[in-house]
1. Met286: part of a loop (DSSP other than H, G, I, E, B) and open to solvent by less than 20 Å² (accessible area, probe 1.4 Å), yes or no?
2. Just give me the residues in the range 505-536 being touching an Asp or Glu at 6+ places or on another chain (Cβ under 9 Å) and either modelled with pLDDT of 90 or more or open to solvent by 60 Å² or more (accessible area, probe 1.4 Å) (or both), in sequence order.
3. I'd like to know if the range 442-464 contains one or more residues that are among the polar types (S, T, N, Q), under 24 Å from Arg324 (Cβ atoms) and open to solvent by less than 10 Å² (accessible area, probe 1.4 Å).
4. Failed condition for His577, given (1) at pLDDT 85 or above; (2) surrounded by 13 or more Cβ atoms within 10 Å (Cβ to Cβ); (3) not in a loop (DSSP other than H, G, I, E, B), with all others met?
5. Give me the pairs: first residue in the range 154-168 and within 12 Å of Asp113 (Cβ to Cβ) and open to solvent by 10 Å² or more (accessible area, probe 1.4 Å), second residue at pLDDT 75 or above and outside any helix (DSSP H, G or I), beta-carbon distance under 7 Å, and six or more apart or on different chains, which are they?
6. Given the options Pro4, Pro15, name the one that is at pLDDT below 90 and under 20 Å from Glu644 (Cα atoms).
7. Which of (1) hydrophobic (A, V, I, L, M, F, W, C); (2) more than 18 Å from Phe439 (Cα to Cα); (3) open to solvent by less than 50 Å² (accessible area, probe 1.4 Å) does Ile240 not meet, given it meets every other one?
8. Is the range 486-501 home to any residue that is part of a helix (DSSP H, G or I), in contact (Cβ under 8 Å) with a residue 60 or more places away in the chain and open to solvent by less than 30 Å² (accessible area, probe 1.4 Å)?
Amino acid sequence: MPPPADILKVAIEWPGAFPKLMEIDQKKPLSAIIKEVCEGWQLPNHETYALQNADSTNFYITEKNRNNIKNGSILRLTKSPGQMAMQLHERIQSSSLDVKLDALKDLANSSRDITFAQEFINLDGISLLTQMVESGTERYQKLQKMMKPCFGEMLSFTLTAFVELMDHGIKSRACSSYSIASFVCKSSMDSAVLQRSLAILESMVLNSQDLYQKVAQEITIGQLMPHLQGTDQDIQTYTIAVINALFLKAPEEKRQEMAHILAQKQLRSIILTNVIRGPKPINEEMAHQLYMLQVLTFNLLEDRMMTKMDPQDQAQRDIIFELRRIAFDVECESNSGSIEKRKSMYTRDYKKLGFINHVNPAVDFTQIPPGMLALDNMLYFARQHQDSYIRIVLENSSREDKHECPFGRSSIELTKMLCEILKVGELPSENCHDFHPMFFTHDRSFEEFFCICIQLLNKTWKEMRATSEDFNKVMQVVREQITRALTAKPNSLDQFKSRLQNLSYTEILKIRQSERMNQEDFQSRPIVELREKIQPEIMELIKQQRLNRLCEGTCFRKISSRRRQDKFWYCRLSPNHKVLHYGDLEESPQGEVPHDSLQDKLPVADIKAVVTGKDCPHMKEKGALKQNKEVLELAFSILYESDEYLNFIAPDKHEYCVWTDGLNALLGKEMTSEFTRSDLDTLLNMEMKLRLLDLENIQIPEAPPPIPKEPSNYDFVYDCN
């Protein structure tokens with residue numbers, strides 16, 4: 001008879017004694033279980049003890065989280081969080097630097113546990129740490145002169161404790177932003193102290209509007225710039241994270257001012273030279289921060305993109321007059337000729353400029369998106385690339401009506417397309433690191449991007465010999481040319497331009513033809529029947545690959561609803577496909593993590609269902625994760641027992657498909673991901689081509705050959721002799 005579900009078999013450790021194997025009843029109060037354990041080792045005052053997980057986390061067991069204990073868990077008897085907090089509170093006030101340093105190390109480690117953190121705060125520990133931080137600059141200078149570098153390490157652990165406390169959502173208002181800012185503004189500061197200080201500033205800015213105001217007054221972009229010129233990529237990453245946080249929380253008018261500072265050549269050159277083109281390859285976190293900076297900068301275009309033009313506004317209409325003046329080298333004829341004659345001339349020129357509304361082209365810019373952003377791009381092109389602008393306009397105005405490329409209409413649709421490609425106006429994703437180095441090479445990168453693409457559009461129009469009826473087809477080809485060129489991640493706008501030169505309309509046709517050949521699906525009946533016969537074998541092959549991939553395991557990032565955190569956990573399937581092993585990690589692993597180091601287990605037989613997206617419990621909680629569409633698409637959860645969940649957020653779409661497919665395969669369900677469909681098509685087409693190699697140039701009949709008539713009699717035999 002199996003033991004009751006409430007009875008768990010665990011091992012409990014105590015320093016200097018052999019571990020005990022015992023059964024604990026989950027229905028009993030936790031204090032009663034601790035008392036029983038203490039009596040077994042004859043330890044008095046059981047109320048001063050507590051149980052901890054004997055793993056890398058060392059988190060305390062409480063009434064709230066005791067349900068996470070599993071059969072076979074290893075626990076440790078230790079001092080209660082209250083006792084531990086009191087001891088550390090006394091030790092960090094010691095006059096001995098060595099004792100204080102060890103105490104701060106323990107505090108930085110223990111502060112990860114919210115149970116301990118709350119006890120430490122109840123002892124007014126935040127005020128004590130605040131005093132240490134606020135006196136840090138002066139003492140750091142004195143001890144540095146006395147050749148005692150240990151104080152920099154002490155300050156680093158103090159700041160680490162602050163970071164951990166802020167991660168629990170405990171607002172440390174007592175901590176002066178001025179003190180933290182002073183560490184960031186110093187020319188020479190211990191790298192660990194500087195890194196922690198930048199992390200605290202980022203958290204302050206993101207979590208409180210009041211603290212944002214204080215930090216914004218005490219820190220300027222100019223004071224952060226020296227940290228980008230160093231060689232420590234972690235410090236560079238945290239510096240850009242602070243800039244992004246200030247950018248994200250700034251009011252609209254302040255954001256435009258910051259964008260102007262960021263676009264200035266000095267800062268942009270520092271990021272380009274020391275970070276993007278620096279000696280070290282860009283890691284994932286740095287790529288994410290650069291992506292964030294790129295998105296936040298482009299999102300400043302949203303206001304113009306969503307602003308309609310007022311057809312009656314004379315100042316805005318004067319911009320259109322300037323486009324006409326530059327193109328046709330004419331001055332305003334407001335005082336010359338009759339009104340009808342002037343209207344006729346304007347209508348003729350606006351038609352040559354390619355506007356849809358020839359009488360009042362301002363109406364063309366009432367469509368949002370792209371709104372006034374399209375007119376801004378056209379004016380920039382006309383002023384900064386005047387020769388190219390005049391050539392395009394005059395070249396098209398001399399063509400036949402059917403074959404002219406309408407510059408005005410093309411510019412409006414192209415601006416809208418570029419905003420869609422760059423996702424202008426969308427919130428940045430927590431998991432994306434898709435930044436483009438070329439956008440950091442110019443002060444007006446979006447406008448220059450437009451100038452290159454409008455010339456590409458005109459070139460493609462001529463190559464396709466398009467007419468006005470082909471406008472949408474041309475735009476589709478141009479979109480494909482741009483997206484394929486961006487995939488190569490060109491380092492400069494010139495490289496992007498060169499890449500587009502190689503992606504002519506003829507080349508696009510060849511690529512499409514090649515892709516069609518690779519994905520061609522023969523429709524004849526014998527081929528369809530062969531595909532149906534092969535498909536189960538291919539699906540079994542894909543299933544085995546998914547299960548093998550689950551056996552290798554994946555490292556998942558723990559993502560807070562408030563800010564990005566470098567905390568990881570690992571999950572993998574046992575070789576016999578019967579158990580999922582998982583557990584927390586200190587850092588991202590370099591290879592596979594052994595089963596032995598993963599403390600937690602989940603039998604596959606206990607899994608009831610796999611849910612994805614908004615059905616996941618961690619996606620139903622209030623917070624930023626629920627609002628983030630990309631995170632929502634990467635979330636899945638395993639339901640086991642009565643109402644227990646194991647929640648995942650995949651690092652990317654590929655891993656999401658692998659894990660959801662693998663888990664469905666374990667449960668005997670159909671694998672339905674996009675990745676499976678893609679693999680099935682690829683493998684089926686490859687297998688079909690291999691099997692049909694011998695039939696090359698042989699026409700396969702649509703129907704099988706007819707069956708011969710039966711013979712008149714069956715009185716025949718084959719003579720083997």
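The values are calculated or read from the model by the stated rules, or taken from the named source; none is laboratory data. Since the model is a prediction, treat every value here as computed from it, not as a measurement. We place every Cβ from the backbone using ideal geometry, glycine too, and count neighbours over all the protein chains shown. Heads up: the accessible areas ignore ligands, DNA and RNA and are worked out on the full protein's heavy atoms, side chains in. Shrake-Rupley method; radii C 1.70, N 1.55, O 1.52, S 1.80 Å.
1. So Met286 does not fit the description; no.
2. Tyr505, Thr506, Ile508, Arg512, Gln519, Asp521, Arg525, Ile534, listed by residue number.
3. Yes, the range 442-464 contains at least one residue that is among the polar types (S, T, N, Q), under 24 Å from Arg324 (Cβ atoms) and open to solvent by less than 10 Å² (accessible area, probe 1.4 Å).
4. The failed condition is (3).
5. Glu164/Ser111; Glu164/Arg112
6. Numbers: Pro15 fails: under 20 Å from Glu644 (Cα atoms).
Only one candidate qualifies: Pro4.
7. Among (1) hydrophobic (A, V, I, L, M, F, W, C); (2) more than 18 Å from Phe439 (Cα to Cα); (3) open to solvent by less than 50 Å² (accessible area, probe 1.4 Å), the lone unmet condition for Ile240 is (2).
8. Checked the range 486-501: at least one residue is part of a helix (DSSP H, G or I), in contact (Cβ under 8 Å) with a residue 60 or more places away in the chain and open to solvent by less than 30 Å² (accessible area, probe 1.4 Å).
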